[in-house]
Amino acid sequence: MTARRWSGAVAMTAALSAALLCLSGCQVLGLPGAGPTTPRVTSEPAVDVAPPLDCAAFTATPAVEALLGGSAPLATTPADALATPAARGPFGAQAAGGGWCRWGDDPAGSAGAPATATPAAVHLLSVQVLPHASASWQRLAQQYPDSAANGAHYDGGESRGGDCAHPASGAGSSCHTNVLIGGSWLAVDAVSGSSVIDEKAFHALVQSFVPTVAAIDARAATPAPAKALSCADPAWLKAVAGVYGPPSVATLDTAQSFGVQSALLDVPGAAVCAYRAGGNTDSSLIGTVSVLRGAAAAYATYHALVVGRDPDASGSTLQVGSSELPALIRHTDASGSTPAETVVDALAGDAWIQFSAVSGSDDQASSVVEWVAGRL
């Protein structure tokens with residue numbers, strides 16, 4: 001399986017108390033207690049999944065297919081659904097009270113196709129809505145003005161950072177835009193592998209989305225206060241170092257731009273922490289922790305997608321204090337500059353914890369997830 005990977009980190013606070021909880025990975029963490037976790041295969045019931053938004057209220061499939069010039073039925077999973085870290089992808093928007101819609105193909109879904117296979121032309125329309133994003137919109141527009149240029153005019157919204165493009169040779173084209181509607185960030189991406197998208201038609205379709213997003217914005221609930229977590233807290237650095245063995249561990253700076261993936265870093269209680277071995281700044285990446293609050297529904301969709309798409313994924317049980325948490329383990333292939341990863345996911349209450357490691361064993365990655373679960 002090949003997965004797209006977001007990069008980034010956010011500020012959080014936490015404290016380590018070895019006496020608070022001794023996880024089943026204590027020995028791997030360098031703490032006294034039980035030995036390393038050995039995952040046990042578990043089964044979970046299948047989950048019927050559906051988009052968290054009323055996608056039919058946005059548009060009908062024929063309008064999408066006319067824009068893209070090819071088949072693009074409404075899908076039940078988002079584009080880039082298996083991208084890591086999860087908190088910077090479409091499930092982050094869902095956990096924040098917004099959501100996603102997809103019509104057509106998810107290019108990542110066919111990443112396992114044989115190299116000799118002729119790639120099919122992609123036709124994709126992807127929508128994400130992130131409520132309570134006004135402050136993020138302003139912050140990112142100020143910090144990254146080059147990618148936040150004013151866009152097309154939309155009645156009822158402010159547009160930034162949009163454009164349409166097509167390759168210098170060959171067929172296909174793409175369009176994307178961002179629109180702030182009330183306090184909600186609408187991100188729209190369109191890709192056609194077979195034709196040139198009509199820019200006026202794209203903007204007309206986005207304009208038709210504005211009333212639907214305005215209604216979502218009007219009823220968006222105020223997010224509940226959430227405990228902040230600190231990526232660079234000494235306890236977190238010590239825990240990761242204890243699992244993977246380097247003398248010291250440091251955080252990697254967040255890679256951001258004007259886009260909804262960066263806005264997701266501001267969601268209360270969400271966290272993305274990338275860790276590398278200490279020392280010089282060129283030291284290798286160890287892995288990335290992702291935490292999403294209020295994410296039970298998003299995790300159910302993700303879990304069902306992984307089970308349905310990746311025959312090599314396995315279930316396991318993690319021990320957190322006296323409680324057992326079901327977890328999911330999968331492995332991704334390297335793709336371009338994205339390294340192969342071991343990805344461990346678990347749901348602790350309504351908090352989705354993910355650790356995507358670029359080295360080490362399943363046990364080591366599981367130990368990090370256990371440790372984070374004990375601190376939430």
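The values are calculated or read from the model by the stated rules, or taken from the named source; none is laboratory data. Keep in mind that what you see is a predicted model, and the values were worked out from it rather than measured. So basically every Cβ, Gly included, is an ideal-geometry build from the backbone, and we count neighbours across all protein chains shown. Heavy atoms of the whole protein, side chains included, go into the accessibility calculation; ligands, DNA and RNA do not. Shrake-Rupley method; radii C 1.70, N 1.55, O 1.52, S 1.80 Å.
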Item to check | Directionally averaged shadow of the stretch 52-113, computed from the convex hull of its alpha-carbon atoms, nm² | outcome: 4.7
Item to check | Largest-first ellipsoid semi-axes for the stretch 234-374, taking √(5λ) over the Cα gyration tensor eigenvalues, angstrom | outcome: 22, 18, 17
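Taking 0.36 nm per intervening residue step and subtracting the Cα-Cα distance, what contour gain separates Ala221 from Asp253 on full extension?
On the way: separation 32, 0.36 × 32 = 11.52 nm, distance 3.11 nm.
Extending this stretch completely gives an extra 8.4 nm.
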Checklist entry - In square angstrom, what is the accessible area per residue of the stretch 188-254 with a 1.4 angstrom probe? => result 50
Checklist outcome for this item: For the stretch 89-241, the accessible surface attributable to carbon and sulfur atoms (probe 1.4 angstrom, ligands and nucleic acids excluded) amounts in percent to 56
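As an exercise, use a Förster radius of 51 Å and the Cβ-Cβ distance of Ser195 and Glu324 to find the FRET efficiency, rounded to the nearest 0.05.
Values: r = 52 Å, r/R0 = 1.01.
E between Ser195 and Glu324, to the nearest 0.05, is 0.50.
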Checklist outcome for this item: The extension gain from Gln143 to Ala171, computed as 0.36 nm times the residue separation minus the Cα-Cα distance, is 6.6 nm
Checklist outcome for this item: Given a Förster distance of 30 Å, the FRET efficiency implied by the Cβ-Cβ spacing of Lys238 and Ala334, rounded to the nearest 0.05, works out to 0.55
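What whole-number value in cubic angstrom gives the convex hull volume per residue for the C-alpha atoms of the stretch 165-267? Please list the in-between numbers first.
Values: hull volume 18.0 nm³, N = 103.
Dividing the Cα hull volume of the stretch 165-267 by its residue count gives 174 Å³.
Projected area of the stretch 130-195, taken from the Cα convex hull and averaged over every viewing direction, in nm²? The partial results should precede the final answer.
Values: hull surface 20.4 nm².
About 5.1 nm², averaged over all directions.
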